[in-house]
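The values are calculated or read from the model by the stated rules, or taken from the named source; none is laboratory data. Every value quoted in this text rests on a predicted model; they were computed, and no experiment measured them. Note: ideal-geometry Cβ built from the backbone for every residue, glycine included; neighbour counts use all protein chains shown.
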Amino acid sequence: MMARVTAFVFFLSLAGVPESRAGEFDFQAGADGATDFSGPGAGIDAGAGLGSSGRANMSGASGGAHVGYNFQASRFVAGAEADILATNIKSGGFGATSYRQDYLSSVKAKGGWIFGDILPYGAVGLARSATAYQDASGLAKRNLNGVVYGVGAELSITRNISIRAEYLRYAFGRQTYQTPGAAVPLGVSTNIVRVGAGLRF
């Protein structure tokens, strides 16, 4: 850790950053040397989604933002996070039918253990999605409630800046869409792989 900090400060001095300001970019570390991931934070995320609605597969891009708060005891970190993703996840059409998700949101509990400047973690929580199903007779829209769970890893770049990668699975179970012509039961789930960047305050 100290070697990385020293090299980073040396780079800033070469770039013309005064030494008096270099500390603003230093890594926060506790008495045991663990990087500090505690406190409030916010950031942006972007990724891709793969899922299914009944027999049809879905795919598309996603992007959004997150806010959260972490508590830290030595190298153990626990926290809570809320996020929202605008999505373009949809099926290519199965016969005369199609399906799409317009957004995904969640509230999650997180927990992990710090290794150097990296925080691997797991997450589980509640999820919501705005969806629409269309067949030859018309369109049915539904807001779905479900669960979300997954894993991720966050890398501390400076004391206030970090980047992360995550895999999340959103599960909404079996849902019924009522179009003018039929009641259609569908099992709905979505897998999201995303990267993000955040600020800790």
- Say whether the condition of being at pLDDT below 95, hydrophobic (A, V, I, L, M, F, W, C) and under 24 Å from residue 114 (Cβ atoms) is met by at least one residue in the range 16-23. yes
- Task: Considering every residue within the range 30-39, establish whether at least one is modelled with pLDDT under 95, within 19 Å of residue 162 (Cβ to Cβ) and hydrophobic (A, V, I, L, M, F, W, C).
- Result: yes
- Some residue of the range 127-145 being surrounded by fewer than 16 Cβ atoms within 10 Å (Cβ to Cβ), under 24 Å from residue 200 (Cβ atoms) and not charged (D, E, K, R): no
- Is there any pair with a first residue in the range 34-50 that is within 29 Å of residue 88 (Cα to Cα) and a second that is at pLDDT below 95 and surrounded by fewer than 15 Cβ atoms within 10 Å (Cβ to Cβ) whose Cβ atoms are under 7 Å apart and which are 6 or more apart or on different chains, and what are they? 41/201
- Item | Residue that is surrounded by the most Cβ atoms within 10 Å (Cβ to Cβ), among those in the range 116-126 that are touching a residue at least 60 places away in the same chain (Cβ under 8 Å) and not hydrophobic (A, V, I, L, M, F, W, C) | 117
